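The values are calculated or read from the model by the stated rules, or taken from the named source; none is laboratory data. What you see is a predicted model; the values in this text were computed from it and never measured. Note that we place each Cβ from the backbone using ideal geometry, even for glycine, and neighbour counts take in every protein chain shown.
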Amino acid sequence: DAKTTQPNSMESNEEEPVHLPCNHSTISGTDYIHWYRQLPSQGPEYVIHGLTSNVNNRMASLAIAEDRKSSTLILHRATLRDAAVYYCILRDITSGTYKYIFGTGTRLKVLA
Amino acid sequence: NAGVMQNPRHLVRRRGQEARLRCSPMKGHSHVYWYRQLPEEGLKFMVYLQKENIIDESGMPKERFSAEFPKEGPSILRIQQVVRGDSAAYFCASSPNSGISSYNEQFFGPGTRLTVL
């Protein structure tokens, strides 16, 4: 079973920031937090990952709570092309767990 | 650098026929993963392969499903005697290593959408 909890859906207006939350209260010290997104009729696409510190890349930012029991994916300016299902996934690389366990994700709708 | 390639993109089979799904990993990647996605659900892990070896097939149904990743050529997911419940999107992903000792992401292909009539 997925170890993360996400809202089923969210809406955002175009050009506005979007904060996608993820709860992972049972996270272990060696679990990395990954975010992938799946655009319609496509395979999942890597967005960002982190362990403890906040992370930024060209696509998004990842804010990780101090106790690591939750995290937030931040899209700074949503565009119509960001409409997708966003998956928050935990993966412990030290245990040899190489497979991703996907939940149902958050379906983001971007309004023009 | 071409990404993960899957073919066919769409496959229609009648009940009882065989389905063969192919996956060519990214150049330099020797690890392949297969996932299945039913409508309105997240992806479910099926099998993890390295060249010529099945490492973990814990997500594969015990019957009718098999996978291989030969020394030469693409990885193949084979479904024998398909049933309507096999209708789904099948995604392949690849990575340069298993990520046990260091982080690495999995790169996903566009998927094969199997429809069983």
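Exactly one residue out of A:Thr52, A:Thr30 is in contact with a helix residue (DSSP H, G or I) (Cβ under 7 Å, 6 or more places away or on another chain), more than 19 Å from B:Cys92 (Cα to Cα) and within 14 Å of chain B (Cβ to nearest Cβ): that is A:Thr30. The strands (runs of 3 or more DSSP E) found wholly in region B:25-117 and carrying at least 3 residues that are among the hydrophobic types (A, V, I, L, M, F, W, C) and either buried (at least 20 other Cβ atoms within 10 Å of the Cβ) or at pLDDT 90 or above (or both) occupy B:44-50, B:75-79, B:88-95. One residue stands out in region A:59-112 among those that are among the small types (Gly, Ala, Ser) and within 11 Å of chain B (Cβ to nearest Cβ): the one that is nearest to A:Thr4 (Cα to Cα), namely A:Gly103. Taking only region B:36-86 into account, find how many residues are among the hydroxyl-bearing types (Ser, Thr, Tyr), more than 14 Å from chain A (Cβ to nearest Cβ) and over 19 Å from B:Val4 (Cβ atoms). Residues flagged as among the hydroxyl-bearing types (Ser, Thr, Tyr), more than 14 Å from chain A (Cβ to nearest Cβ) and over 19 Å from B:Val4 (Cβ atoms) within region B:36-86 amount to 1.
Need pairs with beta-carbon distance below 7 Å; first residue touching a residue at least 40 places away in the same chain (Cβ under 8 Å) and within region A:56-81, second assigned to a helix (DSSP H, G or I); sequence gap 6+ or separate chains. What qualifies is A:Leu75/A:Asp82. The number of residues in region B:25-56 being within 10 Å of the chain's Cα centre (by Cα) and farther than 20 Å from B:Leu117 by Cβ comes to 9.
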